[in-house]
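Input: a single structure, listed below in structure tokens.
The values are calculated or read from the model by the stated rules, or taken from the named source; none is laboratory data. Fair warning: this is a prediction, and the values are worked out from it, not measured in the lab. Cβ coordinates were reconstructed from backbone atoms using ideal geometry, including for glycine residues, and neighbour counts include every protein chain displayed.
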Amino acid sequence: MKIGEVAKLTGLSVKSIRYYHDIDLVVAHRGENGYREYSDSAVNALQFIQHCRELGFPLEDCKALLKLQNNTHRNAKDVKELVSHHLQDIELRINKLTVLQEQLSKLIHDCHGGEQPDCAILTGLSHNSTN
């Protein structure tokens, strides 16, 4: 299958597919015409990677998960450990974003707006007093 067809099928851009090929996430064979030809297994791998990316996995983890996917002697505990670590990272980011949301909400609440020059947001940003 040619790269354009693979892009439509997987929802990935041609550029992403080429990049994944260049970093050895997937393998495509060059046809006599010089174009990359993707097998069904390569398309399946790209769909797997796309789903992993949609779930926020970094490429390094996608590569590890794909390797585990293709290893019939894998240990499920290795998969669970990798995904659990990713979940912990997401939870940490959510906590940080929640703190940011609270700080920004307080700044907005403290600012009365209007046409006066005094602004609690700028004062708060200047003094890092958003707690």
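Please enumerate the residues belonging to segment 28-74 that are of a type in the set (Gly, Ala, Ser) and assigned to a helix (DSSP H, G or I).
41, 42, 45, 64, listed by residue number.
Does residue 124 fit the bill of being surrounded by fewer than 10 Cβ atoms within 10 Å (Cβ to Cβ) and either outside the structural domain of residue 9 (by TED's automatic domain parsing) or at positive phi (or both)?
Taking the combined requirement at face value, the residue does not satisfy it.
Checking the structure you have, find out if any residue of segment 84-98 is surrounded by 15 or more Cβ atoms within 10 Å (Cβ to Cβ), modelled with pLDDT of 95 or more and assigned to a helix (DSSP H, G or I).
Within segment 84-98, one or more residues are surrounded by 15 or more Cβ atoms within 10 Å (Cβ to Cβ), modelled with pLDDT of 95 or more and assigned to a helix (DSSP H, G or I).
Residues of segment 15-55 being among the small types (Gly, Ala, Ser), touching a Lys or Arg at 6+ places or on another chain (Cβ under 9 Å) and loosely packed, with under 13 Cβ neighbours inside 10 Å, which ones?
Hit for segment 15-55 is 31, nothing else.
Given the conditions (1) more than 19 Å from the chain's Cα centre (by Cα); (2) of a type in the set (Asp, Glu); (3) under 20 Å from residue 27 (Cβ atoms), which single one is not true for residue 78?
(3)
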